[in-house]
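Enquirer: Encoded as structure tokens, here's the structure I'll be asking about.
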Amino acid sequence: MNNVPMNIRANPNQQKFSYCPSCGKKDLNPASDKSFVCKSCGFCFYINCAAAAMALILDDQGRLLVTVRKKDPSKGALDLPGGFAEPGEGIFQSLIREVKEELNLDITQLSFLCSFPNTYVYKSVTYPITDMAFFCTVKNFDSITAKDDVADFKFVFLEDVNTDAFAFSSTKNVIEYFKEIKKGL
Ligand SMILES: [Zn+2]
């Protein structure tokens with residue numbers, strides 16, 4: 001960690017990553033805020049941004065569908081439906097899958113709304129995230145069920161949405177952005 005150039009942000013994982021997974025020596029050093037290099041064998045490793053998608057879904061009264069997180073990080077906090085892209089997926093595909101997994105809803109249309117960065121800490125590892133938000137319509141709400149990593153769901157009028165109750169800064173930003181867009185319509 002003594003080799004981190006002075007002009008970059010600190011690597012948030014430098015305390016947890018010190019042994020080289022290739023040669024086993026305690027010579028793994030941050031090369032940037034997202035990468036490590038082993039001084040002994042030259043092994044290089046990146047923790048790049050993970051892609052994640054979230055859905056803004058309104059019911060026929062114009063209320064926003066929000067979820068309650070079942071698991072840490074931020075268990076019990078509010079969230080929007082969605083999640084991480086799996087390897088091999090396009091982001092539309094990820095969102096359609098996540099909304100089906102979490103709420104048993106079928107997305108029929110989606111359009112890109114906005115994107116914000118996020119930081120996700122899971123079991124002491126900090127992951128940089130690129131969150132992308134999509135305005136979505138669903139076939140209907142007849143089959144809606146809280147499943148997977150969703151403990152519960154509710155429909156909230158936009159003017160009543162308290163963004164402070166949401167787990168992540170990116171989600172707060174998305175909802176504030178969405179509120180502004182809706183005001184302009
Ligand atoms: Zn090594």
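Enquirer: Trypsin sites (Lys or Arg not before Pro) within region 36-108: which are DSSP loop residues with at most 15 other Cβ atoms inside 10 Å? Provide the component values of the computation, followed by the final result.
Expert: Numbers: sites: Lys39, Arg63, Arg69, Lys70, Lys71, Lys75, Arg97, Lys100; in loops: Lys39, Lys70, Lys71, Lys75.
Passing both the DSSP loop test and the Cβ count: Lys39, Lys71, Lys75.
Enquirer: Would you kindly calculate the mean projected area, averaged across all directions, of the convex hull enclosing the Cα atoms of region 29-185, in square nanometres?
Expert: 10.4
Enquirer: Could you pull out the pairs from Lys26/Lys70; Lys123/Lys179; Lys147/Lys179; Lys75/Lys182 whose alpha carbons sit more than 31 Å apart here? Let's see the in-between values first.
Expert: Details: Lys26/Lys70 37 Å; Lys123/Lys179 33 Å; Lys147/Lys179 27 Å; Lys75/Lys182 29 Å.
Among Lys26/Lys70; Lys123/Lys179; Lys147/Lys179; Lys75/Lys182, the Cα-Cα distance tops 31 Å for Lys26/Lys70; Lys123/Lys179.
Enquirer: A follow-up question, please. Rolling a 1.4 Å sphere over the protein heavy atoms, what is the accessible area per residue of the chain, to the nearest Å²?
Expert: Values: 10210 Å² over 185 residues.
Per residue, the chain has an accessible area of 55 Å².
Enquirer: Mean separation of Cα pairs under 8 Å and 6+ residues apart, divided by the residue count of the chain: what relative contact order is that in percent? Write out the running numbers ahead of the final one.
Expert: Values: 362 pairs, mean separation 39.3, N = 185.
It comes to 21 percent, rounded to a whole number.
Enquirer: Along the Cα→Cβ direction, 7 angstrom out, place labels at Cys44 and Tyr122. What is the inter-label distance in nm?
Expert: 2.6
Enquirer: Could you tell me the distance between the Cα centroids of region 149-185 and region 25-70, to the nearest Å?
Expert: Using only Cα atoms to place each centre, the spacing works out to 21 Å.
Enquirer: Let me ask something else about it. Within 10 Å of each candidate Cβ there may be at most 16 other Cβ atoms; applying that plus a DSSP loop requirement, which chymotrypsin sites (Phe, Trp or Tyr not before Pro) in region 54-163 survive? Walk me through the numbers on the way to the answer.
Expert: Details: sites: Phe84, Phe92, Phe112, Tyr120, Tyr122, Phe134, Phe135, Phe141, Phe153, Phe155, Phe157; in loops: Phe141.
For chymotrypsin sites (Phe, Trp or Tyr not before Pro) across region 54-163 that sit outside H, G, I, E and B with at most 16 neighbouring Cβ atoms in 10 Å, the list reads Phe141.
Enquirer: Going from most exposed to least, what order do Met132, Met54 have by accessible area with a 1.4 Å probe?
Expert: Details: Met132 40, Met54 10 Å².
The residues order as Met132, Met54, largest area first.
Enquirer: A follow-up question, please. Tell me the net charge near Arg9. Cut-off is 10 Å between Cβ atoms, Arg9 excluded, with +1 for each Lys or Arg and -1 for each Asp or Glu. Kindly include the intermediate steps, with their values, before the conclusion.
Expert: Details: positive: Lys34; negative: Asp33.
The answer is 0.
Enquirer: Work out the length of the dipole vector of the chain about its Cα centre, built from +1 on the beta-carbon of each Lys and Arg and -1 on the beta-carbon of each Asp and Glu, and round it to the nearest 20 debye.
Expert: 800
Enquirer: On to the next question. Just to make sure I understand: if all protein chains stay in place, what is the order of Ile181, Ile47 by accessible area at 1.4 Å, largest first?
Expert: On the way: Ile181 65, Ile47 15 Å².
Final ranking, largest accessible area leading: Ile181, Ile47.
Enquirer: Would you tell me the accessible area of Cys44, worked out with a 1.4 angstrom probe on the heavy atoms of the protein chains, in Å² to the nearest 10?
Expert: Spelled out: Cys44, probe radius 1.4 Å, area about 70 Å².
Enquirer: Something else about it: Could you look at the chain and say what percent of its accessible area is carbon and sulfur, using a 1.4 Å probe and all protein chains? Let's see the in-between values first.
Expert: Numbers: 5210 of 10210 Å².
So the carbon and sulfur contribution to the accessible surface is 51 percent.
Enquirer: Which number do you get for Rg(Cα) / (2.2 N^0.38 Å) in region 1-108?
Expert: Cα Rg divided by the expected 2.2 N^0.38 Å: 1.51.
The values are calculated or read from the model by the stated rules, or taken from the named source; none is laboratory data. Quantities reported herein were computed from a predicted structural model and do not represent experimental measurements. Positions of Cβ are generated from backbone atoms using ideal geometry, with glycine treated the same way; all protein chains shown enter the neighbour counts. Just so you know, the surface numbers come from the protein's heavy atoms only, side chains and all, with ligands and any DNA or RNA stripped out. Shrake-Rupley method; radii C 1.70, N 1.55, O 1.52, S 1.80 Å.
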